[in-house]
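Enquirer: There's a structure below that I have some questions on.
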Amino acid sequence: MKKKVKDNIVYIGIGTNKGDKLENINTAISLIDRIPFTGLLSQSSIYKTKPFGYLEQDNFLNLVIKIKTGLSIKHLFKELQSIESKLGRVKTIKWGPRIIDLDVLFYNKDIISEEGIKIPHPEIIERDFVLIPLNEIEPDFIHPALNVKIADICNTVLPKQIICKIEYTNQNS
């Protein structure tokens, strides 16, 4: 008899500011949805945002997706890095331009600090371009390290990077 795979609930921030941004997002979501033992549960609207950190670059498109997966955090990280590579991501300068960026924001309600993996993502509360889309799909999720609802965190953060919500429907949905 096969062992039942545990369904882990994971929130992933997606960002892009190079090439065909909407195509980058659609392809990334499609590839994530095809990861073994993984399925897309929901996705936020897409937001046009100003660059963060390094400002001399094009605006970004950002959103958050919620998935369920049977994969461990380490295996999921490897899969997401593989997707970034497939789409042509080349790491250059910190916060620099990128064809795709896939950040695990939360993995269940776990707090993980291992080599190369920090969950919850340590910079969530500084990034309205992550908080606002996350609040759209999961306002009652409680940040496990802060013990505060995402909606309540959003109430204390003023938008800094978000320019506007993009009116767009994914053709693959």
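The values are calculated or read from the model by the stated rules, or taken from the named source; none is laboratory data. All figures in this text were calculated on a predicted structure; none of them were measured in a lab. Methodologically, a virtual Cβ is constructed for each residue, glycine included, from the backbone with ideal geometry; neighbour enumeration extends over all protein chains shown.
Enquirer: Can you confirm whether Ser44 is surrounded by fewer than 19 Cβ atoms within 10 Å (Cβ to Cβ) and at pLDDT 95 or above?
Expert: no
Enquirer: Which condition number in (1) in a strand (DSSP E or B); (2) β-branched (Val, Ile, Thr); (3) modelled with pLDDT under 95 is the one that Thr92 fails?
Expert: Of the numbered conditions (1) in a strand (DSSP E or B); (2) β-branched (Val, Ile, Thr); (3) modelled with pLDDT under 95, the odd one out for Thr92 is (1).
Enquirer: Ile9: at pLDDT 95 or above, surrounded by 21 or more Cβ atoms within 10 Å (Cβ to Cβ) and of a type outside the set (Lys, Arg), yes or no?
Expert: no
Enquirer: Right, another one. Those residues that are crowded, with 20+ Cβ neighbours inside 10 Å and not in a helix (DSSP H, G or I), I need them from the range 67-86; list them, please.
Expert: The answer is Ile67, Thr69, Leu71.
Enquirer: Kindly indicate whether any position in the range 4-14 is part of a helix (DSSP H, G or I) and free of Cβ contacts under 8 Å to residues at least 12 places away in the same chain.
Expert: no
Enquirer: For the range 116-166, what are the residues that are free of Cβ contacts under 8 Å to residues at least 12 places away in the same chain and crowded, with 18+ Cβ neighbours inside 10 Å?
Expert: Those that are free of Cβ contacts under 8 Å to residues at least 12 places away in the same chain and crowded, with 18+ Cβ neighbours inside 10 Å: none in the range 116-166.
Enquirer: When you scan the range 28-82, how many residues do you find that are more than 23 Å from Lys6 (Cα to Cα) and hydrophobic (A, V, I, L, M, F, W, C)?
Expert: Total satisfying the criteria: 7.
Enquirer: Starting from residues that are in contact with an Asp or Glu (Cβ under 8 Å, 6 or more places away or on another chain) and of a type outside the set (A, V, I, L, M, F, W, C), keep the ones in the range 102-149 and report whichever is farthest from Leu31 (Cα to Cα).
Expert: Checking each candidate, the answer is Lys149.
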